[in-house]
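The values are calculated or read from the model by the stated rules, or taken from the named source; none is laboratory data. As the structure is a prediction and not an experimental result, all values here were calculated from the model. Cβ: placed from backbone, ideal geometry, glycine included. Neighbour counts: every protein chain shown.
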Amino acid sequence: MIKVLEVEASKGWGGQEKRTVRLANHMPSDKVKTYFAVNPDSRLMRDASELDIECLPVRTRASYDIPAVLTLVKYINELGIDIVSTHSGRDGWLGGMAAKLAGVKCVRVRHLQTPFASPFSYKYLTDEVTAISVGVREYIASRGVNMDKIRLIYTGIDTKHFQKQASTLREEFGIGKDTFLIGIVAILRGAKRHKDLIDAVKKLSSKYDVKLVIAGEGPQWENLQNKIKEAKMTDRVIMTGFRKDTVNILSALDLFVLPSNMEALGTALLEAQACGVPVVGSRVGGIPEALEENGSGLLFECENVDDLADKIERFIVDKEFHSRASKRAREFVVEKFSVEKMVADTIKQYEEILAK
C-alpha cells in the first residue's frame with residue numbers, strides 16, 4: 001500500500017483541484033491510500049464528504065510558513081506517508097520542505113502553463129515532476145530542470161461520468177431546441193478570454209439564432225456582466241454562476257469554446273468532448289493536444305475574434321462536419337485521455353520513484 005499526501009494550498013475549485021480529486025477517487029483501494037492537506041477554509045475541506053476525500057487541515061499563509069511545514073511533517077510521520085504530492089507555488093515549497101525533513105519522496109505536479117519565478121523547488125525539493133502536457137514539460141525543461149526528471153502524464157477524464165445525458169438546461173433558461181447553443185465552463189479569469197467569445201457571438205448573432213452560456217465564478221464576474229450589457233447581448237448571453245451539474249450543461253451544448261490565452265492542457269475541452277460536444281480552442285499551450293483538429297474540433301489564433309467567429313460559424317453552417325466532429329469527440333477522449341490511463345501511469349510513477 002502506497003500512502004500519498006496531496007498538499008494543496010489552493011482554496012478554489014478549478015481544473016487543478018478537480019484532476020487531483022479525480023485521481024485520488026479512482027486509485028485502487030488495495031494499492032494507494034490518499035490524504036489531502038488543505039486550508040481549513042478551502043472548497044476541498046468544505047466539500048470533503050461530498051467529494052469522498054479525507055482532508056487534514058493545514059493553514060498555508062506563505063511559501064516559508066514554518067508552522068505549516070511542521071504540521072505537514074507531523075502528518076507524514078503519523079500516517080506513514082510514502083509520497084508527498086504538491087501542485088502550486090506555495091504548497092510546492094511547503095510540501096517539498098516537509099518531505100525532505102521527513103525523509104520521504106516528493107512529486108511536483110505542474111498543472112499550469114504560466115511562468116514560474118524560480119525553478120529551485122522543481123530542482124531540489126522534488127524527486128520527480130509531472131507535466132500534464134508536452135507544452136508544460138517543455139517549459140519546465142527550458143527553466144533548467146533535467147528532462148529525465150519530468151514525466152508526462154495527461155489529465156484523465158472519467159468517461160463514465162462525462163457522457164451525454166438528457167439535459168434540463170435549455171428548459172431552465174428558455175432556450176429553444178433549434179437555437180445553436182455555445183458554451184464555456186471555466187473559472188472567470190482574464191486569461192480565459194471570455195470577452196473574446198462574447199465578441200465573437202455578437203458578430204454571429206446578426207446572422208444566426210445563437211446563444212452563449214457562461215458557467216463559472218471568479219474575479220471577472222462583474223466585468224463580464226458589464227461587457228454583456230454594453231454590447232447589448234443580455235438576450236444572447238447567459239451567466240449561470242457556479243454550477244455543479246457540469247454534465248447537464250455540456251449535454252445541452254452544440255459547441256464548446258475555450259478561448260484562453262494561456263492553458264496547460266484544457267481539461268474543460270476534454271470533458272466537453274467526452275459528452276460528445278465538438279470544440280473550438282485557441283492555439284496556445286497544451287490546447288492543440290486536447291483536441292483533434294478537423295476531427296473533434298478546430299483551433300483559432302488566440303485573441304483573434306474574427307478567426308474565432310469563423311471557426312464557430314463553420315460548425316453552424318456545416319451540419320455534416322458538426323455531426324462528424326460530435327461523434328469523433330468522445331472517441332478521441334476515450335482513446336487518449338481516460339482516467340484509467342492517468343491512474344495507471346501515476347501508479348507506475350509512484351512505484352518507480354519508491355524503488356529508486
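List of remarks:
- Some residue of segment 80-94 being closer than 20 Å to Ile2 by Cβ, free of Cβ contacts under 8 Å to residues at least 40 places away in the same chain and of a type outside the set (Gly, Ala, Ser): no
- Conditions (1) outside any helix (DSSP H, G or I); (2) at pLDDT below 95; (3) not polar (S, T, N, Q): number failed by Phe36: (2)
- Asp65 falls short on exactly one of the conditions (1) touching a helix residue (DSSP H, G or I) at 6+ places or on another chain (Cβ under 9 Å); (2) among the acidic types (Asp, Glu); (3) modelled with pLDDT of 95 or more, and that condition is (3).
- Among (1) in a helix (DSSP H, G or I); (2) assigned by TED's automatic domain parsing to the domain that holds Ala290, the one test that Asp148 misses: (2)
- Filtered residues of segment 186-222 (kept if in contact (Cβ under 8 Å) with a residue 40 or more places away in the chain and crowded, with 20+ Cβ neighbours inside 10 Å): Ala186, Lys192, Arg193, His194, Asp196, Leu197, Ala200, Val201, Leu204, Val210, Val213
- Contacts under 6 angstrom Cβ, first residue in segment 321-342 being over 15 Å from Leu269 (Cβ atoms) and surrounded by 15 or more Cβ atoms within 10 Å (Cβ to Cβ), partner at pLDDT below 95 and of a type in the set (Asp, Glu), 6 or more apart: Val339/Asp158
- For the residues Ala290, Ala272, the requirement of being among the small types (Gly, Ala, Ser), touching a Gly at 6+ places or on another chain (Cβ under 7 Å) and within 24 Å of Arg19 (Cβ to Cβ) singles out Ala290.
- Residue count for segment 284-315, restricted to those that are polar (S, T, N, Q) and buried (at least 16 other Cβ atoms within 10 Å of the Cβ): 2
- Some residue of segment 298-312 being outside any loop (DSSP other than H, G, I, E, B), at pLDDT below 95 and within 19 Å of the chain's Cα centre (by Cα): no
- Filtering segment 236-269 to residues that are modelled with pLDDT under 95, farther than 19 Å from Ser167 by Cα and surrounded by 23 or more Cβ atoms within 10 Å (Cβ to Cβ) leaves Glu263, Ala264, Leu265, Gly266, Thr267.
- The residue of segment 131-153 that is surrounded by the most Cβ atoms within 10 Å (Cβ to Cβ), among those that are closer than 21 Å to Glu271 by Cα and at pLDDT 95 or above, is Ala131.
- Test: residue in segment 127-149 that is of a type outside the set (Val, Ile, Thr), touching a Leu at 6+ places or on another chain (Cβ under 7 Å) and either without any contact (Cβ under 8 Å) to a residue 24 or more places away in the chain or farther than 20 Å from Val333 by Cα (or both): yes
- Filter pass, Glu263 being touching a residue at least 24 places away in the same chain (Cβ under 8 Å) and out of contact with any helix residue (DSSP H, G or I) (no Cβ under 6 Å at 6 or more places or on another chain): no
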